[in-house]
Amino acid sequence: MVRWIFGLGIMAFLAMTTWPGVYMINRIEPLVLGLPFNLFAIALLIVVALGLLTALYLSEDQSGDK
Amino acid sequence: MERWQIIALIIALYLGVTLCIGLFSGRGASKSVQGYVAGDRDFGLLVMYFVLGASIFSAFAFLGGPGWAYSRGAAAYYILCYGVLGIAPYFWIGPKAAALGRRHGYVTQAQLICGRFPSRALSAMIAILTIAAFIPYITLQMRGAGIVIEAVTEGNVPLWLGAAIAYGIVTLYVLFSGVAAVGWTNTFQGVFMLTIAWSLGLYLPISLYGGVGDMFSQILQERPELLSMPGLTASGEPWSWGGFSSAIIVSAVGLMMWPHLFMKAFTARSDDTLRKTVVLFPTFQLFLIPVFLIGFAGVLYPEAPPSADFILPFMILNADLPAIVVGLFCAGALSASMSTGDSLMHAAASVTVEDGIRPFRSLSDKARRRLIQGFVLLIGAVSYAFAISEGMSLVVLLLTAYGIICQLAPPIVAALYWRRATTSGVVAGFVAGSSTAAFFFLSGYLGFDLRPYDLHEGMLGLMVHIPVLVGVSLLTQPQSDEQWDAFASSAA
């Protein structure tokens, strides 16, 4: 289950950072936390990926899956 | 005491501490090849984290990253994007490779591939391509160190001498302590780099523009083309989406295929350590953002550095900082170069001996360890010769290297997950993919750009590689069950 969500998350990451999905985040304004919107969006995607990786790690750990 | 002397003194101090850590860390390791190349498979989480992180914070990221942001703007964002994509599969591949390594005694990537697909030619081919990809990479790190030292000592320590001192120290500790030195010095250097990236990345925009937001507002008014993806090319034209997207994909596929990174799977203490390292890895991507801010801070600065790669030392020297602070910053930039360079030299020498020589000559463990040390010296010397000669277009070579390194991904995946893959299929795919990448690179280099949609040559190579691997495998005799069981039973 978590593996599937993680897989989808990674595909979404790829889709949103490469053509043509990147158009969704490719705006300069508004500036968020001082960063242009596109740079902020990439940073946010990385943070989400960190969260997903943590969830994946915790779930594999509990199931004892090697 | 003059200003540059204080700076030089701090750098000397930093280099001294690094050397001590490097030499002391090797005392506990065993004197075998496994101890020298794989650290007796005993690296903990802290060391693993910084070893992988140092790979992101190479001289390329530290000098090239700000340089890209400065001259090419949002094009630099691709460097942020590929890390997460590249590391994710390693969550599974890493522990699996580590299990096979423990069982069969592998210490390199080619040993893993050839364990499943026995072929001495394949092993030699991987070794040769690895060396070809490594030398420009090491050269780039050495030049980076030399550039920083020359810039901050106002030319009193020239590039050739700076690079020689920094890499003399790297060679010493790699020679004596092997991978243990790489691990522990990277940890020390990693802490250093992060502190610098953050403090300088925030300090410069605030002192020059009043804040990060103010800086970007001003760039938006004067140079809006820099802030919109995919940014610009090196010559200032708008970059293509094909180029941007395929750069992300090739770098993601290639990231963990660099032998100095992949081989670290064999150094981790446990699978759990390896997984935790993967989970924490994207934090290093976030640490890159302030490094880009340093480059953006230079965009509207009235003066320009001699070339875009000099933007970081240029901004540091022009920021009116006390000499001690400048010295510390430079030590951080040196950390970035040296922490990648040591790993590269060590891996290049290990691969040469373990994959290029060992399959053809039987040698004792002690002789192999000696031979690896000899190659550390040789590879260091060759790279140094390139580093001090002007006019080598290294960044171009490095990008090609990525195109070739990512051709290692299909054989690794096939070895671990696809039972029907055969030796002929893997060899044919590897040859076809690498030659395609080389063809498009060379034709582009000679002035005929034949690449469709501006796609990266490594991606074009993969597009040929994978069908050939699958096709030839299906057409040839499948591997016997015994062969598969002998390779994979414990890892299943």
For B:Arg102 and B:Ser240, what does the FRET efficiency come to when R0 = 60 Å and r is the distance between their Cβ atoms, rounded to the nearest 0.05? 0.85
I need the trypsin sites (Lys or Arg not before Pro) found in region B:305-386, filtered to DSSP loop residues with at most 13 other beta carbons within 10 Å of theirs. B:Arg361
Take A:Ala55 and B:Ala304, extend 7 Å from each Cα along the Cα→Cβ direction, and tell me the distance between the two endpoints in nm. 4.7 nm
Nearest 20 debye, what's the magnitude of the dipole of the protein assembly as shown about its Cα centre given +1 on Lys and Arg Cβ and -1 on Asp and Glu Cβ? 1700 debye
How would you rank B:Ile11, B:Ile206, B:Ile149, B:Ile135, going from fewest to most other Cβ atoms within 10 Å of each one's own Cβ? B:Ile206, B:Ile135, B:Ile11, B:Ile149
Within 10 Å of each Cβ in B:73-86, how many Cβ atoms from other chains are there, averaged over the peptide? 4
Using alpha-carbon coordinates alone, the radius of gyration and Dmax of region B:203-295 in Å work out to 18.3, 52
Rh by Kirkwood over Cα pairs, then Stokes-Einstein D for region B:370-489 at 1.002 mPa s and 20 °C, µm²/s: 129 µm²/s
Viscosity 1.002 mPa s, temperature 20 °C: give me the Stokes-Einstein translational D for chain B in µm²/s, with Rh taken as the Kirkwood radius over C-alpha pairs. 93 µm²/s
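Going by C-beta contacts inside 10 Å, put B:Asp214, B:Asp42 in order with the fewest on the left.
B:Asp214, B:Asp42
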Within 10 Å of each Cβ of B:277-287, how many other protein chain Cβ atoms are there on average? 4
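At R0 = 51 Å, how high is the FRET efficiency between B:Asp481 and B:Leu220 if r is their beta carbon distance? Nearest 0.05 is fine.
Efficiency computed from Cβ-Cβ geometry: 0.20.
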Gain in length, B:Leu321 to B:Ser364, computed as 0.36 nm per residue apart minus the alpha-carbon separation, to one decimal in nm? 10.0 nm
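No lab work stands behind these numbers, since they all come straight from the coordinates. A quick note: this is a predicted structure, and the numbers were derived from the prediction, not measured. Neighbour counts are summed over all protein chains in view; Cβ atoms, including those assigned to glycine, are modelled from backbone coordinates with ideal geometry.
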